[in-house]
Each structure stands twice: as structure tokens, then as C-alpha cells.
Amino acid sequence: MTLPLRLVPQAGPSVWTGAALSPSDWMLPIGGEAVTEIEAALVALGGRAPASAAEAPLPQLGPLLREVAERLEHGRGFALLRGLDLGRLAGPAAEAALLVLGAHLGTPLAQDAGGAVIGRVAGPGADPATGAAGPLRFHADPADAVALLCLRQPRVGGQVTLVSAPALHNALLKADRAALGVLHGGLPHRHAGGDPLLLPVFSTASGSFVGRYDGDALEDAALEPAQRAALAALKDAAAAPGQALTLSLHAGDLLLLNPHLVWKQVSAMAAPAEDARELLRLWLSTPGSRALPESFGAVFGTTAAGAPRGGVPVAPGLVGG
């Protein structure tokens with residue numbers, strides 16, 4: 001006998017709307033001494049990537065990063081550190097600095113089959129096929145935490161839009177319980193194993209809320225009418241006035257988020273190549289992560305709380321950098 005799904009509202013600081021937040025709720029300014037600490041850690045490492053926080057001590061920044069880790073897992077699910085002096089962290093030093101900061105939050109994950117742990121993200125820009133601006137889309141990274149270091153921000157546009165997944169859950173609970181039930185039931189996703197993999201958009205594992213919506217991986221042809229309607233209801237909820245928070249990143253900003261709680265949207269826009277936004281991206285597996293639904297094992301490898309998981313499988317014999 002299958003018991004009916006019990007839909008309950010989510011509570012706590014992870015349930016937020018953009019209209020209700022002020023910059024003091026998510027921004028943490030850092031001063032010039034932060035870069036001095038990072039530079040000292042880089043000198044001590046001698047070109048090596050840190051295997052742990054102990055190998056890259058940050059006496060002042062370390063406690064702040066522990067606070068960030070708490071915010072990601074038990075707070076609003078995101079934070080922005082503002083004030084890194086990229087003039088002193090140019091070129092490869094910026095990538096090395098991101099790895100030092102990441103070591104205080106978790107373990108870096110491979111972002112391609114070659115094992116590279118730093119991704120360089122250019123954009124958003126125009127759709128390469130049409131040259132036109134594209135719609136907002138959700139994207140979910142296979143990680144417990146995502147760090148985005150802004151190297152360059154365009155003069156116009158290029159913002160990042162964030163939404164609270166538990167807040168969207170609650171909005172649908174009020175507006176369209178049927179759609180919410182469908183999203184709990186799962187949507188078909190493309191999978192290397194062949195047949196589409198059914199993954200829930202909203203779920204609970206070991207008492208913890210988990211939200212994951214990767215529009216890029218959906219198997220559109222396999223969507224049933226009720227699933228298409230549920231996705232439309234979800235997009236409408238995300239687009240409601242005041243629901244999302246749109247940020248304009250500055251060069252030197254470090255945005256950190258927990259993709260199980262906070263979803264990011266990126267809109268493509270036309271911009272000259274020399275004026276495009278440029279980011280460094282780091283995926284992390286975190287020691288304080290929540291449990292995930294068993295079906296997520298196909299994406300993360302394992303679903304146990306705090307377990308090393310996520311990233312892109314690395315081809316045998318390849319070592320990332």
C-alpha cells in the first residue's frame with residue numbers, strides 16, 4: 001500500500017524572499033588584510049593546492065569562512081564576500097586563492113572528465129546560435145556548495161538571480177498543491193545509464209529539505225502533461241514579484257551558495273566579448289552536508305550526510321588541476 005504524500009510547509013532562515021532581504025543579510029565585507037593572509041598561505045604552499053584547511057591557515061578569514069559554512073547549511077543558504085583585491089591576486093594567483101578559501105569549506109570536486117577543479121565561466125552572453133538574449137533558466141551544480149569568484153563584471157547586465165527553493169516549495173503549497181505533488185514525485189532526467197532517471201525537484205531526506213532543479217538535464221520529450229504544468233507553475237512562482245534576489249557582482253566578489261537550498265538563474269544577454277562577465281567556479285563537497293534522496297546517488301555517487309560526493313567522474317589515469 002502506498003501512503004499519500006504529506007506536503008508540509010518549510011520553516012527557518014532558508015525560507016526567504018528577495019524583497020524581504022537587505023544587503024546586510026547576505027553580504028560580508030572583507031578588508032585588505034584578507035589578501036595578505038591569502039598571499040602568506042600561497043607562499044607557504046609553494047605552488048601546491050591545499051589538501052586541508054590546516055595546510056592553508058587563515059587566522060582572520062578562517063573564522064569568517066566557518067560562519068559562511070554555517071550560513072550555507074543552516075542559514076539562508078548563500079553569502080557574498082566582498083572586498084578581495086584582485087590587483088594583488090592576478091592570473092593564476094586568483095585560482096590558487098580560490099582553492100585556499102575553498103579548503104576552509106570543503107573538498108574541491110572535478111568539473112570535467114580531466115579532473116579540473118577550477119572552472120572558468122564566461123558570460124552570460126548572447127545565445128551563440130541566434131545572437132539573441134535567452135530566458136532565465138535554473139541550473140543545479142552537482143555539489144554541496146558552489147563558490148563563484150568574479151574576475152570581471154560587464155558594465156551593463158550580467159546579474160545573478162537567486163531564489164530560495166524552500167520558499168518556492170511553500171509558495172506552491174499555497175497556490176498549487178497538485179503541482180507541488182508532481183514535483184515531489186520526480187521528473188525525467190537524462191542519464192548516462194540510458195533510460196531517463198526520475199529525480200524529485202523537492203524532497204526530504206533524513207528530515208532535511210532538499211531542492212534540486214536542473215532544467216538543463218531534463219528529458220523534455222519524456223515529460224507528461226502534468227509534469228509540464230507543474231514546471232510552468234514552478235517558473236511562475238519563481239517569477240512572482242519580490243520572490244527572487246538579483247545581485248550585481250563586482251570584481252573581487254566571492255558568491256557562495258548551497259544548491260540544495262538556493263537555486264541560481266542566469267539570463268543570456270548580448271555583450272561584447274571584451275565586456276563579458278568572467279567568473280572562476282569551484283564545486284565543493286562539504287563535511288556538514290545534509291543527506292540526499294537515494295535516487296540522487298546516480299548524480300552524486302553517494303547520498304550520506306557529510307560524505308565526499310558530487311562532481312564529474314574523472315576518466316581513469318587523468319589528474320586535474
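Considering only beta bridges that DSSP places wholly inside the chain, some 95 percent are antiparallel.
Can you work out D for the chain in µm² s⁻¹ from Stokes-Einstein, where Rh is the Kirkwood radius over C-alpha pairs, the temperature is 10 °C and the viscosity is 1.306 mPa s? Please report the intermediate quantities before stating the final value.
Values: Rh = 20.4 Å.
Diffusion coefficient, whole number: 78 µm²/s.
When the chain is treated as a GNM with alpha-carbon contacts under 10 Å, the residue of K264, K235, K174 showing the greatest mean-square fluctuation is K174. Taking a Cβ cut-off of under 12 Å around P9, the surrounding Lys, Arg, Asp and Glu residues balance to a net charge of +3, with basic ones at +1 and acidic ones at -1.
For the chain, modelled as a GNM whose springs connect Cα atoms under 10 angstrom apart, the maximal fluctuation among A304, A40, A171 occurs at A40.
Can you give the calculated 222 nm mean residue ellipticity of the chain, where each DSSP H run of n ≥ 4 adds -39,500 (n - 2.57) and the sum is split over every residue, rounded to the nearest 500 deg cm²/dmol?
Values: 8 runs with 83 residues, N = 321.
It lands at -7500 deg cm²/dmol.
In what sequence do H169, H189, H250 fall when counting other Cβ within 10 Å, fewest first?
Values: H169 23, H189 19, H250 13.
Placing the least packed residue first, the sequence is H250, H189, H169.
Compare the Cα positions of S24, V160, S52 along the charge dipole of the chain (+1 at Cβ of Lys, Arg; -1 at Cβ of Asp, Glu; about the Cα centre) and return the one farthest towards the positive end. Among S24, V160, S52, the one farthest towards the positive end of the dipole of the chain is S24. In order along the range 162-168, phi translates into HN-Hα couplings of 10, 9, 7, 4, x, 5, 5 Hz, rounded to whole numbers, per the Karplus curve 6.51 cos²θ - 1.76 cosθ + 1.60 with θ = phi - 60° and x for Gly and Pro.
The modelled label-to-label distance between E294 and A229, using points 7 Å beyond Cα along the C-beta direction, is 3.0 nm. Note on A19 and T246: the model spin-label points, each 7 Å out from Cα along the C-beta direction, lie 1.5 nm apart.
So for the chain, averaging the separation of alpha carbon pairs under 8 Å that are six or more residues apart and normalising by length, what relative contact order in percent results? Can you show the working numbers first?
Numbers: 654 pairs, mean separation 98.3, N = 321.
Value for the chain: 31 percent.
Taking packing as the residue-averaged number of other Cβ atoms within 10 angstrom, the listed peptides 223-233, 204-214, 43-53 run from highest to lowest as 204-214, 223-233, 43-53.
Tell me the net charge near G31. Cut-off is 11 Å between Cβ atoms, G31 excluded, with +1 for each Lys or Arg and -1 for each Asp or Glu. Spelling it out: positives minus negatives among the neighbours equals -2. Within a Cβ distance under 12 Å of G77, other residues only, what is the Lys/Arg minus Asp/Glu net charge? Once positives and negatives cancel, what remains is 0.
Only the coordinates and a few stated rules stand behind these numbers; no lab work does. These numbers were taken from a predicted model, which means no experiment stands behind them. Note that we place each Cβ from the backbone using ideal geometry, even for glycine, and neighbour counts take in every protein chain shown.
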